[in-house]
1. Which of (1) touching a residue at least 12 places away in the same chain (Cβ under 8 Å); (2) surrounded by fewer than 16 Cβ atoms within 10 Å (Cβ to Cβ); (3) polar (S, T, N, Q) is the odd one out, the single condition Ser42 does not satisfy?
2. Looking at (1) touching a strand residue (DSSP E or B) at 6+ places or on another chain (Cβ under 9 Å); (2) over 25 Å from Ile97 (Cα atoms), can you tell me which one Phe51 breaks?
3. Go through region 59-74 residue by residue and tally those that are touching a Gly at 6+ places or on another chain (Cβ under 9 Å) and aliphatic (A, V, I, L, M).
4. Can you find even one residue in region 17-30 that is touching a Gly at 6+ places or on another chain (Cβ under 8 Å) and either at negative phi or not hydroxyl-bearing (Ser, Thr, Tyr) (or both)?
5. Scan Gly54, Gly32, Gly18 and give me the residue that is under 21 Å from Ile74 (Cα atoms), of a type outside the set (Asp, Glu) and loosely packed, with under 12 Cβ neighbours inside 10 Å.
6. Among (1) in the same structural domain as Tyr96 (by TED's automatic domain parsing); (2) out of contact with any Gly (no Cβ under 7 Å at 6 or more places or on another chain); (3) closer than 15 Å to Leu9 by Cβ, which single condition is Ile43 missing?
7. If we keep just the residues of region 52-91 that are small (Gly, Ala, Ser) and not in a loop (DSSP other than H, G, I, E, B), which is nearest to Lys14 (Cα to Cα)?
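The values are calculated or read from the model by the stated rules, or taken from the named source; none is laboratory data. What you see is a predicted model; the values in this text were computed from it and never measured. Cβ sites come from the backbone with ideal geometry, for glycine too, and all protein chains shown count toward neighbours.
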Amino acid sequence: MKKEKDYALILDGKKIEGIVTLKDVLSQVNKGADLKKTSMKSIMSPRVVCFNPGTLLYEGMEMAVTRRFNQLPIVVEKELQGIVDLRSMVKVYYDYISEIQDVKNDILVRPVLDLDSV
């Protein structure tokens, strides 16, 4: 099942010009705006926080949580390379922590060598 997105990036080629989120649209509705006459450019946020492919997972998650972002555009030399959503970051982080825990448990339950029997 394909998940619907609650945002739209406004692009000029691969360069990000801005972002329009569901919150932006709902804000316009609450103000009584006629959406048939409202341009995306007039309601977009022009300053999009972007990351590069080398950004640490923890940094991306921290930014997403503290700034209340649900998605983080990944750019290289001002060109969009992809988008990572918070749900995906949390899943990767959870899988990583689970794997570490499994390794830790495996080390803790290994039989100890009995030196008297050697």
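1. The one condition Ser42 does not meet is (1).
2. Condition not satisfied by Phe51: (2).
3. 2
4. No, region 17-30 contains no residue that is touching a Gly at 6+ places or on another chain (Cβ under 8 Å) and either at negative phi or not hydroxyl-bearing (Ser, Thr, Tyr) (or both).
5. So the residue among Gly54, Gly32, Gly18 that is under 21 Å from Ile74 (Cα atoms), of a type outside the set (Asp, Glu) and loosely packed, with under 12 Cβ neighbours inside 10 Å is Gly54.
6. (1)
7. Here is the first cut: in region 52-91, the ones small (Gly, Ala, Ser) are 54, 60, 64, 82, 88.
In the following step, the residues that additionally are not in a loop (DSSP other than H, G, I, E, B) were identified as 60, 64, 82, 88.
Details: Gly60: 21, Ala64: 22, Gly82: 10, Ser88: 23 Å.
Ranking the qualifying residues of region 52-91, first place goes to Gly82.
Results for (1) surrounded by 14 or more Cβ atoms within 10 Å (Cβ to Cβ); (2) at pLDDT below 85; (3) touching a Ser or Thr at 6+ places or on another chain (Cβ under 6 Å); (4) within 17 Å of Lys23 (Cα to Cα), shown as yes or no for each residue.
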residue	(1), (2), (3), (4)
Arg47	no, no, no, yes
Tyr58	no, no, no, no
Glu62	no, no, no, no
Arg67	no, no, no, yes
Pro73	yes, no, no, no
Val76	no, no, no, no
Lys91	no, no, no, no
Gln101	no, yes, no, no
Asn105	no, yes, no, no
